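The block underneath contains the structure these notes are about, expressed in C-alpha cells.
No value in this document is a laboratory result; all are computed from the given coordinates. Being a predicted model, the structure only gives us computed values, none of them experimental. Note that we place each Cβ from the backbone using ideal geometry, even for glycine, and neighbour counts take in every protein chain shown.
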Amino acid sequence: MAENLVTKIFKDHMVSGSFEPGEEVGLRIDQTLLQDATGTMACLQLERMGVDRVQVPFAVQYVDHNIIQLDFKNPDDHRFLQAFAAKYGIHFSRPGNGICHYLHVERFARPGATLIGADSHTTSSGALGSIAIGAGGLDVALVMAGEPFQLEIPKVVGVELTGELPEWVTPKDIILELLRRRDVSGGLGRIFEFYGPGVETIDVTGRTTICNMIAELGATGGIFPSDERTREWLEAQQRPDDFVELAADEGASYDEHEHIELDKLEPLIAKPHSPGNVVPVREVAGTKAAQVCVGSSVNSGFEDLAIVAAVLRGETVYPGLVLTVTPGSRQILDSIARTGVYSDLVLAGARMLEPVCGPCVGMGQAPPSDSVSVRTFNRNFPGRSGTQTDNVYLTSPTTAAATALRGVITDPRELGDYPDLPEAPANPAVDDRQILAPAPEEEAEGIEIPRGPNIKPPPEAPELPDSLSGKVTIVVGDNISTGDLAPDGVEVMAFRSNIPEIAKYTFRRFDPEYHKKAQEMAPGFIVGGTNYGQGSSREHAALAPLHLGVRAVIAKGFARIHRRNLLSQGILPLRFADESDYDKFEEGQEWELPDIKKHLQDGDREIPARMDGAEITLLAEFSQRERDILLSGGILKKLRSGASGATTVGQGEGTGPEHRRSDH
C-alpha cells in the first residue's frame, strides 16, 4: 500500500501503540533540542528523574534567547546549562553561535530522523525530512531520560506545490498563504507534508521558513521530502553521509489536501495581531512604518539577507525608520561578511545584530509606542515585541526591504526588475568549535553544577482531591497565547528559571493584579475560549498558574502543546460540551467538580460542573495514560510512583550524528 512520508517515518520509530488515526503511539526519538529560555526548567526536571546521563542518541542545548545580560540572571543560567550539559551528555552551543532552529538545520537535522524540542518552532527541521515536533520542557526531559514520546497519531495534510514562484514572491508567502486559508488553529492535530513538482524549486532555507511557521497553524509539524536540494545542502554543510533520499510513495494518500499554485501567489503580509490575519501587501501598501526587522529563526539565511542588501545597495534606510538585521547563525554572519552583503547593509544604515533571537522575543529593539513594525519574524502577538502598544506586521524579506527603502509598507513588485544577488559561498566556512561536546562519562561525575540565586526548583501539583472546588480567577477570550501567561521581553524572560517571580507577570496584559487575586482565590480555575494556549511551547505558561494555585483550565478548545503541558504538570484541561456554557462563567464564582477523581478513574468522558445549584457538562477527553498522569499529580510524581506506563528505550545504534561531533 502506498504510504506518505510521515507514515513511513512514524512506523519506523514506533515502539508502542497502534498506527490508527486518533490512537496514541510511543515514538523512539533520535534527537532532542533545548534552548536557554526553556532549558533550565527542563534540566531541573531531568535531575528529579534520577538519571545520570541522557538516553537519546543526540541531545543539544542552545543559548540564543536570554542573551541580554542586564545582571547576573541570564549569565547564571548559561553557566548552569553549560555545566549541566557537560555532565549529562548534552552538546552545548555557546551564546552568539546561532539561533537554535536555523543552526540545527545547518548542523544536525537529517532525513528520516525524529526530533523533539522544547520550543514550538522545532518544526523547522522538517525542512530536511525530519519529523520535528515542539513540546514542553518536561516532555523533552522525559525523552532525554529514555522514555518514548507519546503522541496521538496526527492527520496528514498533503500540500501539493505546482509551478514556480514569481519574482519578488518568496517561500514566506507560501506559509502565509496557508495561514490565510486556515488561520492559527487550522493545523491542530495535523502534520503538513509538502510534495509535487514545485517542491524542487524551493531551497532548504526556504523550506526552513515554511516548516518553522507551520507552528503558527497550531500544527504538530511540517515536512519536505529529502531530494536533490537536500543533498546539495548537506554536502555544503560537509554532512554528505547524512543524506538519504526520502519521499512519499507514488499514489500515497492524505487525510486532507491543499494545492498551492506557486506562480499565482503574490506578496502577502499578516496584519496585527495574529499570524493568521493575512492579506495581500497591496491592500495595506502606504502604511507608515517606524521599524523594519529582518532575520530571526525565519528568513535569516543568506538569500534572505542578500535581497535586502541588494535593494538598499547605494541607497539609505528611509529617514525616521530603523532597520535591524539578524543572521541565523555564525556561519551566515561569516558568509555575508565574505560576499559584501554585510557592508552593503551597514552602508545603507542597517543595525547589524548578533545571531540570536533578539527582537523576535522582545530581547531589545522594541518599536516606538503606537507604531508599525514590519518584521520577517513568525509571530505578532500583542506586546511580544516588548512594546505593549505595538502594531507588528509579518512579511517576507522582499517586502521588508521595499518598506525599509520607502518608509511605508510597499509591494516589492513596485521596485521593478529583481536585482542580481551575490552567490552564497558554495562551501561555507563550517566551524563547530562553538558547539562544545559533553565531558566523557568517566569524567562527568566530578563536574559541579553552579546554581545562581535566581534558579529555583519547579512546583509540583498537590494531590487531586475526591471532589475539586475552585474559584474562577479570570475569564479570557479566544486565541490566548502562552505569551499572555508567561510574557516575552527582557524584563520577564530573565525569570524563566524562577517560577515564583515569573508568576507575577501571568495575565499581566489583562490584569496587572492577577497574580495576587489568583493566590487569594486558590484553588482556582481559568476559563478560556478557543485555541487557548496558542504559540510558544513554554511550560512556564502552565508552571506559573500551578504556582498560583490553578487546578483546572476550562476552555472551548486548546492548542496542542499547552494542553499537554497542563496535563504534565497535573492541571486539568477540560472542554465545554456546549460552548454556550462559557457565558455562564464570571470571575469570582465558585464551581465544583464533584467526584472528579472517580470520574477520571472510571474513564468517564463527560463530567459535571456545579455552581449554586446549576449544572453543566464538561468533557474530560483523556487517554488512559493522561488520566493516570492527572490522578498521580503530574508526570514526575507518576514516574516516582513507578507507574510510567511507557517502555524505556535505550540509545540505539547509528541513529545520531554524535559520532561526528567528537572533535568539538
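Quick notes on this structure:
- Relative intensity of the chain on a log10 scale, I(q)/I(0) at q = 0.09, 0.11 Å⁻¹, equals -0.70, -1.08, per a Debye sum over C-alpha point scatterers of equal strength in the absence of solvent.
- Other residues with beta-carbon under 10 Å from the beta-carbon of Asp249 carry, at +1 per Lys or Arg and -1 per Asp or Glu, a net charge of -1.
- Mean-position separation - Cα centroids, region 157-173 and region 519-596, in angstrom: 38
- Table column - 3J(HN,Hα) (Hz), region 334-345, Karplus curve with 6.51, -1.76, 1.60, x for Gly and Pro: 5, 5, 6, 5, 6, 9, x, 4, 4, 5, 4, 5
- Straight-distance crosslink candidates among aspartates and glutamates, where the alpha carbon sits under 18 Å from Lys516 and sequence neighbours closer than 8 are dropped: Asp484, Glu501, Glu586, Glu587, Glu590
- From helices alone, the chain scores -8000 deg cm²/dmol at 222 nm; the rule is -39500 (n - 2.57) for each run of n ≥ 4 DSSP H residues, then divide by the residue total.
- With the biggest extent put first, the Cα atoms of region 5-265 measure 52, 43, 37 Å across the principal axes.
- Panel order for Asp431, Asp478, by other beta carbons found within 10 Å of each beta carbon, from fewest to most: Asp431, Asp478.
- Highest average packing first - 106-117, 403-414, 42-53, Cβ atoms within 10 Å: 106-117, 403-414, 42-53
- From phi via Karplus (6.51, -1.76, 1.60), per-residue ³J(HN,Hα) for region 145-155 in Hz, x at Gly/Pro: 7, x, 7, x, 8, 8, 8, 6, 4, x, 6
- Shown for His562, His13: other C-beta atoms within 10 Å of each C-beta, ranked fewest to most, produce the order His13, His562.
- Antiparallel bridge percentage (DSSP; both residues within region 5-265; nearest 5): 25
- Remark: Asp227, Asp344 ranked as Asp227, Asp344, counting other beta-carbon atoms within 10 Å and listing the fewest first.
- Overall, the anisotropy analysis places region 313-423 in the oblate class: the square-rooted eigenvalues a ≥ b ≥ c of its C-alpha gyration tensor yield a/c not less than 1.5, with a/b not exceeding b/c.
- Among 502-512, 130-140, 522-532, the peptide with the highest mean count of other Cβ atoms within 10 Å heads the list, and the full ranking is 130-140, 522-532, 502-512.
- Cross-link pairs exceeding 32 Å in C-alpha to C-alpha distance, out of Lys264/Lys556; Lys155/Lys556; Lys8/Lys597; Lys11/Lys637; Lys517/Lys638, comprise Lys264/Lys556; Lys8/Lys597.
- Region 1-80-region 102-116 distance, computed between alpha-carbon centres (Å): 12
- Considering only beta bridges that DSSP places wholly inside region 468-640, some 45 percent are antiparallel.
- Beta bridges assigned by DSSP with both partners in the chain are antiparallel in approximately 35 percent of cases.
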